[in-house]
1. What is the number of the single condition among (1) in contact with a strand residue (DSSP E or B) (Cβ under 8 Å, 6 or more places away or on another chain); (2) modelled with pLDDT under 90 that residue 61 does not meet?
2. Keeping to segment 19-60, report how many residues are without any contact (Cβ under 8 Å) to a residue 40 or more places away in the chain, out of contact with any helix residue (DSSP H, G or I) (no Cβ under 6 Å at 6 or more places or on another chain) and part of a helix (DSSP H, G or I).
3. Exactly one of these conditions fails for residue 73: (1) in contact with a helix residue (DSSP H, G or I) (Cβ under 8 Å, 6 or more places away or on another chain); (2) modelled with pLDDT under 85. Give me its number.
4. Out of curiosity, is residue 35 at pLDDT 90 or above and more than 21 Å from residue 123 (Cα to Cα)?
5. Output yes when any residue across segment 82-94 is touching a helix residue (DSSP H, G or I) at 6+ places or on another chain (Cβ under 9 Å), farther than 23 Å from residue 16 by Cβ, part of a helix (DSSP H, G or I) and at pLDDT below 80, and no when none is.
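The values are calculated or read from the model by the stated rules, or taken from the named source; none is laboratory data. Source: prediction; values computed, not measured. Here the Cβ positions follow ideal geometry from the backbone for every residue, glycine too, while neighbour counts run over all protein chains shown.
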């Protein structure tokens, strides 16, 4: 059975490119907002979420990045379940790693990063 992956990124072109580059072994669904991602998570089962760290605000409070807010919501809701989350970012990776680390995120890649690393994390 192929892994079901939810790609959450407001940059639809990037999400579509990612699906194209990784296609074959996985089944993809693309959401372009936090709201859409939460709706998909309610109605379908996924093995993995690839989440953009910087999304337009919907869930975020104060200066928290939207991707972090969505990550926290996913972790709270699916606590104890085998739902892996990988964060991707087009922003400054060193600053984002600090903010992501504070939220408990341990898998973060720059969008232009090595596709082989992303595949390795997906296949874990």
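1. So the condition that residue 61 fails would be (1).
2. Final tally of qualifying residues: 11.
3. (2)
4. No; evaluated as a whole, the condition is false for this residue.
5. No, there is no match, as no residue in segment 82-94 is touching a helix residue (DSSP H, G or I) at 6+ places or on another chain (Cβ under 9 Å), farther than 23 Å from residue 16 by Cβ, part of a helix (DSSP H, G or I) and at pLDDT below 80.
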